[in-house]
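Student: One structure, as structure tokens, below. Some questions next.
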Amino acid sequence: MRPARKTLRRPDEFIAAGLIPGERRGEIEAVAARYALALTADVAELIDPGDPRDPIARQFVPAAAELDARPEEMADPIGDGAHSPVEGIVHRYPDRVLLKPVHVCAAYCRFCFRREVVGHGRALSRRALDAALGYIRAHGAIWEVILSGGDPLVLAPRRLADIVEALTAIDHVKVIRVHTRVPVAAPARVTPALVRALKVRGKATYVVLHANHARELTTAARAACARLVDAGIPMLSQSVLLRGVNDDAATLEALLRLLVECRIKPYYLHHADLAPGTAHWRTSIAQGQALLRALHGRLSGLCQPSYVLDIPGGHGKSPIGPSYLSRVGGSNGTACYEVEDFNGRRHSYPPAS
Ligand code: SF4
């Protein structure tokens, strides 16, 4: 039976939609008691319920493996809490902050790095939002504000416009970046009013789309992204490297090419974070580097994301992709280099004269 055009939120709705067998009700209720569930009709319609390896189901349909927390996993794997001077703000780097106006998403990714906090409560209170904006106003080094969450594009356009206008009025904020999965999970929410809310004079606004598989970029999702790009809003992408979803070169290649065809520049490929109950999605870093190496020879530079790890504990992101450069001894004792080309052949590069 195909899902109705409504968001599935309860285990019995997933069962009725044919996405989970009835005999797994108990285990899925245990998952639902711990983590938020939501699957929009747009995403549910992408799932082939007859395919146990469906990469969309693997990202969005709850599974008992989520209850298998490992000792190395953490409730706050990227250390947001350690860098939150006021509610709704994460200030990890000197020149930028995260502003999290809402902890709600249109659909909940089962591997979410903020799974312990998303889905609880609706939005920052007026008072907390004012305090967060006051913090940004008071810190002149903040050049970029990243709207994150949750998903800021679940906010009503009027409320989003209020936040963007408040940021626009702060002289030292030059860039507003919005991280979202809405164009994939609920493309109809990208209305002209929402696009107008994001498009402001005097600031650069970027939208970063979270997408992990080419099948997520449906006709409707591509049209939603086109509405943003056509309005002059540049788009970037971030993807999470996920076992059983996109951990092979052909799948990543298809995703990255399609993003660029949609005028979305691949930005980050995240190594999956140590969120609780997510071990079954994590690859090794060596696998990730091997995939990046394979893509280096296959894809235009426009399609290449940076493979990054958010260092557990809140120490920020670092690129962890393969290195193509090694230092070797020069004939006169000075260092020179060897550089690997896209075919794996090595070439020497002379020392500085
Ligand atoms: S869209 Fe982002 S914040 Fe929301 S569930 Fe997915 S990973 Fe988590």
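The values are calculated or read from the model by the stated rules, or taken from the named source; none is laboratory data. This structure is a prediction, so every number in the text was calculated from the model and none was measured. Quick reminder, even Gly has a Cβ in these numbers, built from the backbone with ideal geometry, and neighbours come from all protein chains shown. For the accessible areas, the whole protein counts, side chains as well, though only heavy atoms, and no ligand, DNA or RNA atoms are used. Shrake-Rupley method; radii C 1.70, N 1.55, O 1.52, S 1.80 Å.
Student: When the Kirkwood hydrodynamic radius is evaluated over all pairs of different C-alpha atoms of the stretch 220-291, what value in angstrom, to one decimal, is obtained?
Tutor: Details: mean 1/r = 0.0743 Å⁻¹.
With all distinct Cα pairs of the stretch 220-291 included, I get 13.5 Å.
Student: Can you pull the percent of the chain's accessible area that's carbon plus sulfur, 1.4 Å probe, other chains left in place?
Tutor: The nonpolar share, carbon plus sulfur, comes to 55 percent.
Student: What does the charge add up to near Leu98, with Lys and Arg as +1, Asp and Glu as -1, over the other residues with Cβ less than 9 Å from its Cβ?
Tutor: Numbers: positive: Arg92, Arg96, Lys100; negative: Asp80.
Within the 9 Å Cβ shell, the charges total +2.
Student: Further question: Please build a GNM for the chain, connecting alpha carbons under 10 Å apart, and tell me which residue among Tyr108, Tyr93, Tyr267 fluctuates the most.
Tutor: Largest GNM mean-square fluctuation: Tyr93.
Student: Return the tail of the calculated pair distribution for the stretch 228-353, meaning the percent of Cα-Cα pairs more than 20 Å apart. Write down the numbers at each step before the final one.
Tutor: Numbers: 4282 of 7875 pairs.
Summing the P(r) of the stretch 228-353 above 20 Å gives 54 percent of all pairs.
Student: A follow-up question, please. Count the net charge of all other residues whose Cβ sits under 10 Å from the Cβ of Met235, scoring Lys and Arg as +1 and Asp and Glu as -1. Write down the numbers at each step before the final one.
Tutor: Values: positive: Arg263, Lys265; negative: none.
The answer is +2.
Student: Ok, one more. Straight-line reach from Lys199: which lysines fall under 24 Å, measuring Cα to Cα and dropping same-chain residues less than 8 apart?
Tutor: Within reach: Lys100, Lys174, Lys265.
Student: For a bin width of 10 Å, list the pair-distance distribution of the chain built from all Cα-Cα distances, rounded to whole %.
Tutor: All Cα pairs, binned at 10 Å, distribute as 5, 23, 32, 25, 11, 4, 1, 0 percent.
Student: Distance from the Cα centre of the stretch 31-62 to that of the stretch 135-181, in angstrom?
Tutor: 30 Å
Student: All other residues with a Cβ under 15 Å from the Cβ of Ala275 taken together, and with Lys, Arg as +1 and Asp, Glu as -1, what is their net charge?
Tutor: Values: positive: Arg34, Arg70, Arg110, Arg114, Arg115, Arg243, Arg282; negative: Glu66, Asp68, Glu72, Glu73, Asp76, Asp80, Glu116, Asp273, Asp310.
So the environment of Ala275 carries a net charge of -2.
Student: Compute the orientation-averaged projected area for the stretch 70-182 from the convex hull of its Cα atoms and round it to one decimal in nm². Mind dumping the intermediate values first?
Tutor: Numbers: hull surface 28.5 nm².
The Cα convex hull of the stretch 70-182, projected and averaged over all directions, gives 7.1 nm².
Student: Also, quick follow-up: Can you give the extra length, in nm with one decimal, that the chain gains between Glu116 and Ala286 once fully stretched, where that is 0.36 nm per residue apart less the Cα-Cα distance?
Tutor: Numbers: separation 170, 0.36 × 170 = 61.20 nm, distance 2.77 nm.
Additional length available on full extension: 58.4 nm.
Student: If you plug each phi of the stretch 12-20 into the Karplus form 6.51 cos²θ - 1.76 cosθ + 1.60 with θ = phi - 60°, what whole-Hz ³J(HN,Hα) values come out, in order, with x for Gly and Pro?
Tutor: Result, ordered by residue: 5, 6, 5, 5, 4, 7, x, 8, 9 Hz.
Student: What does the C-alpha gyration tensor say about the overall shape of the stretch 284-348? Classify as rounded when a/c is under 1.5, otherwise prolate if a/b is larger than b/c, or oblate.
Tutor: Values: a/c = 2.75, a/b = 1.42, b/c = 1.93.
In terms of gyration-tensor shape, oblate.
Student: From the P(r) of the stretch 1-63, can you give the percent of Cα pairs sitting at distances over 16 Å?
Tutor: 36 percent
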